[in-house]
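Let me begin by presenting the structure, written as structure tokens, before commenting on it.
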Amino acid sequence: MFEALVAQPPDALLGLIKAYNSDSRAKKVDLGVGVYRDADGNTPVLKAVKAAETILLETQDSKKYLGPEGDIGFTTRLEPIVFGARHRLAGRLAALQTPGGTGALRLGAELLHAARPGTKVHLGAPTWPNHAPIFRAAGLAIETHPFADLATQAVDFDGVRAGLARAAPGDVVLLHGCCHNPTGIDFSRTQWEEIAATLAARKLVPFIDLAYQGLGDGLEEDAWATRLVLDAVDEALVAYSCDKNFGLYRDRVGALTVIARDAREAATTATNLAALARVAWSMPPDHGAAAVRIVLERPDLVAMWRAELDVMRGRINANRAALADADPGLAFIRDQRGLFSNLAMTKAQSQALSGRHAIYCTGSGRINVAGMQPGDAGAIVAALRAEGC
Ligand code: PLP
């Protein structure tokens, strides 16, 4: 049975973690793995989440099955955070809890395939390396257009325009709602406005991936673009992750929301989402989403979570400023948002950074700015200069 299988390359990030852990040099910097780190290099459980978990431990009196929709209180409480307190999408939403943002993307892809087999998804390059494999695994077709130019660290808007012009009505366009992974480069407001108008005029379906809300400019600010696009179009999908902004990574907390044209189509879509979830994972893991629900139910925990999010965002943006201050050639890092920036470098240069300087980033030059600790900026800049990056 298994003879025909071809060995798959190991996950590049796992190799990076291994190399970092086995590096015995006293001073080393991990800019590779995509998790938030505090000034001591830790990724702690948020206090608001701990408090919610304590409440959950004390009050949960059953672990009986919930259903393929997961925790409906979780998706309901998330709705105003993502779509706004007074959004006008009521009645057109079909939402379901998923195992992380990855599960939301995959379920959305399965839904698109069920609705129209072979649907084409347009991706800007570069993008999160998992996007294309997820969509392909569900049977969708991929078409790529340029998104950003790493040499100039700017959006290639002509490339984006050309990509959208090639798209046919009914095609899907994947958009990062904020904090683009891997570049940290987000569209400007005028660019978002043009994209929203083009999507609407050409009947393209946005699939918004919102995995870092609150880690860019703030909870409301980071949802601005998503809301603008959803105001403009009839149909859309939003894949949401709570794994970064609630620090819940391994607990796998996400949601997929489909915006349909009307209540009837939303209701039919909801039954399809439930059926697709049923044959994928039956129902999502409960714990993390239950903890998020408890946070969002209680004003004291919401305030605690928001304050912790402010600290995380403040540290990320202070690290960005420190790198920009240390080298005028890295000034662009200050204006980028989220955990990542993508420096233009070769694989050999990234290997030299780890081999000679104990500074670890991905082979494609993506750095996690939250991996820096206070005082690291000088060493990072010196290593980048030494290696000609
Ligand atoms: N989308 C983007 C852009 C991401 O960067 C990530 C995680 O790195 C995800 C989705 C998936 O997040 P999760 O860990 O919740 O599956």
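The values are calculated or read from the model by the stated rules, or taken from the named source; none is laboratory data. Please read these numbers as outputs of a predicted model, since none were measured by experiment. Ideal geometry is used to build each Cβ from the backbone, glycine not excepted, and the neighbour counts take in all protein chains shown.
Only residues that are within 21 Å of Val311 (Cβ to Cβ) and assigned to a helix (DSSP H, G or I) were counted in region 355-375, giving 3.
Of all residues in region 143-173, which are within 16 Å of the ligand (Cβ to nearest atom) and crowded, with 17+ Cβ neighbours inside 10 Å? Correct list: Phe147, Ala148, Val172, Val173.
Is there a residue in region 250-273 that is in a helix (DSSP H, G or I), farther than 30 Å from Ala200 by Cβ and not polar (S, T, N, Q)? Yes, some residue in region 250-273 is in a helix (DSSP H, G or I), farther than 30 Å from Ala200 by Cβ and not polar (S, T, N, Q). Looking at this structure, is Ala109 of a type in the set (A, V, I, L, M), within 22 Å of the chain's Cα centre (by Cα) and assigned by the TED database to the domain that holds Glu221? Spelling it out, Ala109 is indeed of a type in the set (A, V, I, L, M), within 22 Å of the chain's Cα centre (by Cα) and assigned by the TED database to the domain that holds Glu221. For Asp40, the conditions (1) touching a residue at least 60 places away in the same chain (Cβ under 8 Å); (2) part of a helix (DSSP H, G or I); (3) of a type in the set (Asp, Glu) are fulfilled apart from (2). When each of Ala352, Ala303, Ala348 is tested for being assigned to a helix (DSSP H, G or I), crowded, with 18+ Cβ neighbours inside 10 Å, over 22 Å from the mean Cα position of the chain (by Cα) and free of Cβ contacts under 8 Å to residues at least 40 places away in the same chain, the lone residue that passes is Ala352. From the list Ala348, Ala370, the one residue that fits, being out of contact with any Phe, Trp or Tyr (no Cβ under 7 Å at 6 or more places or on another chain) and aliphatic (A, V, I, L, M), is Ala348. The residue that is nearest to Tyr65 (Cα to Cα), counting only those in region 88-142 that are assigned to a loop (DSSP other than H, G, I, E, B) and within 12 Å of the ligand (Cβ to nearest atom), is Asn130.
Val381 meets each of the listed conditions (1) crowded, with 20+ Cβ neighbours inside 10 Å; (2) in contact with a helix residue (DSSP H, G or I) (Cβ under 7 Å, 6 or more places away or on another chain); (3) assigned to a helix (DSSP H, G or I) apart from (1). Checking each residue in region 109-125 for being more than 18 Å from Arg166 (Cα to Cα) and buried (at least 20 other Cβ atoms within 10 Å of the Cβ) picks out Ala109, Glu110, Leu111, Leu112.
The sole residue among Val292, Val258 that is under 19 Å from the mean Cα position of the chain (by Cα), more than 16 Å from the ligand (Cβ to nearest atom) and under 23 Å from Ala95 (Cβ atoms) is Val258. Of all residues in region 143-164, exactly one satisfies the criterion of being in contact with a helix residue (DSSP H, G or I) (Cβ under 6 Å, 6 or more places away or on another chain) and of a type in the set (S, T, N, Q), namely Gln153.
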